[in-house]
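Remarks on the structure that follows.
The values are calculated or read from the model by the stated rules, or taken from the named source; none is laboratory data. Keep in mind that what you see is a predicted model, and the values were worked out from it rather than measured. Positions of Cβ are generated from backbone atoms using ideal geometry, with glycine treated the same way; all protein chains shown enter the neighbour counts. For accessibility, only protein heavy atoms count, side chains too; no ligands or nucleic acids. Shrake-Rupley method; radii C 1.70, N 1.55, O 1.52, S 1.80 Å.
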Amino acid sequence: MPVRDALAALPVRDEDRTGYNRDKFRHWIDADRDGCSTRNEVLIEEAVTAPEQGVGCQLTGGAWHSPYDDASFTAARALDIDHLVPLAEGWDSGASAWSAKEREAYANDLGDARALIAVSAASNRSKADQDPATWQPPAAHYRCTYATDWVSVKTRWQLAIDPVEKAALTEILDACPNTSVEVVLAR
């Protein structure tokens, strides 16, 4: 469906961070037991130049592009794997009612390439647990993709948005093409 329709379909309610703790989202697991954590799986998938995989999935070489700040990197350690919709935001928007297994699945979602993204450590830390009402990528040309992906991830996980978040997303997307999004529900 068009992204603006997907945004309109998201439930709107106030957020509640009561009880949030990042540890309630077990992340960077090795779900497929191939020796590579979720973090390394994303780095391998998003590499512009593939890194070499050593023992224990240690990555050497390779090159990556951080779309948030339009920066390039040749060291995996310079990158963070961002939960596009942060764990705290997920909690605020409905994940507080999920089981531990559902939160683990959310924190390690390799089923939709929009959910986890390799970005510069600096951009990820400036974003922290903010939503589009208070943070947008410094690379202005990436903001339409960011907002579209945000709506897609919220839709995939059937998460709510708060009124201020909805207003910010509406403003961003009004300046963007009404791109069609395809989403496979995760729950």
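Determine which single condition residue 42 fails, assuming it passes every other condition in (1) of a type in the set (A, V, I, L, M); (2) surrounded by fewer than 14 Cβ atoms within 10 Å (Cβ to Cβ); (3) touching a residue at least 24 places away in the same chain (Cβ under 8 Å).
(2)
Take the residues in the stretch 129-147 that are outside any loop (DSSP other than H, G, I, E, B) and not charged (D, E, K, R), then tell me which one is most open to solvent (accessible area, probe 1.4 Å).
141
Residues 156, 103: which one is closer than 17 Å to residue 38 by Cα and of a type in the set (D, E, K, R)?
Details: 156 fails: closer than 17 Å to residue 38 by Cα.
Among 156, 103, only 103 is closer than 17 Å to residue 38 by Cα and of a type in the set (D, E, K, R).
Name the residue that is surrounded by the fewest Cβ atoms within 10 Å (Cβ to Cβ), counting only residues in the stretch 148-171 that are outside any loop (DSSP other than H, G, I, E, B) and in contact with a Ser or Thr (Cβ under 9 Å, 6 or more places away or on another chain). Let's see the steps before the verdict.
Here is the first cut: in the stretch 148-171, the ones outside any loop (DSSP other than H, G, I, E, B) are 148-156, 161, 163-171.
Those left that are additionally in contact with a Ser or Thr (Cβ under 9 Å, 6 or more places away or on another chain): 148, 154, 161, 164-165, 168.
On the way: 148: 24, 154: 27, 161: 26, 164: 14, 165: 23, 168: 20.
Filtering the stretch 148-171 for residues that are outside any loop (DSSP other than H, G, I, E, B) and in contact with a Ser or Thr (Cβ under 9 Å, 6 or more places away or on another chain), the one surrounded by the fewest Cβ atoms within 10 Å (Cβ to Cβ) comes out as 164.
Condition check: in a helix (DSSP H, G or I), closer than 21 Å to residue 182 by Cα and open to solvent by 40 Å² or more (accessible area, probe 1.4 Å). Does residue 8 satisfy that?
Working: in a helix (DSSP H, G or I): yes; closer than 21 Å to residue 182 by Cα: yes; open to solvent by 40 Å² or more (accessible area, probe 1.4 Å): yes.
Here the answer is yes, as residue 8 does meet what is asked.
A quick yes/no check of all residues on (1) at positive phi; (2) in contact with a helix residue (DSSP H, G or I) (Cβ under 6 Å, 6 or more places away or on another chain); (3) aromatic (Phe, Trp, Tyr):
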site: 95; (1), (2), (3): no, yes, no
site: 98; (1), (2), (3): no, no, yes
site: 124; (1), (2), (3): no, no, no
site: 128; (1), (2), (3): yes, no, no
site: 136; (1), (2), (3): no, yes, no
site: 141; (1), (2), (3): no, no, no
site: 144; (1), (2), (3): no, no, no
site: 148; (1), (2), (3): no, yes, no
site: 163; (1), (2), (3): no, no, no
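Being under 25 Å from residue 136 (Cα atoms) and among the aliphatic types (A, V, I, L, M) narrows it down to one residue among 97, 31, 88; which is it?
Details: 97 fails: under 25 Å from residue 136 (Cα atoms); 31 fails: under 25 Å from residue 136 (Cα atoms).
That would be 88, the only listed residue that is under 25 Å from residue 136 (Cα atoms) and among the aliphatic types (A, V, I, L, M).
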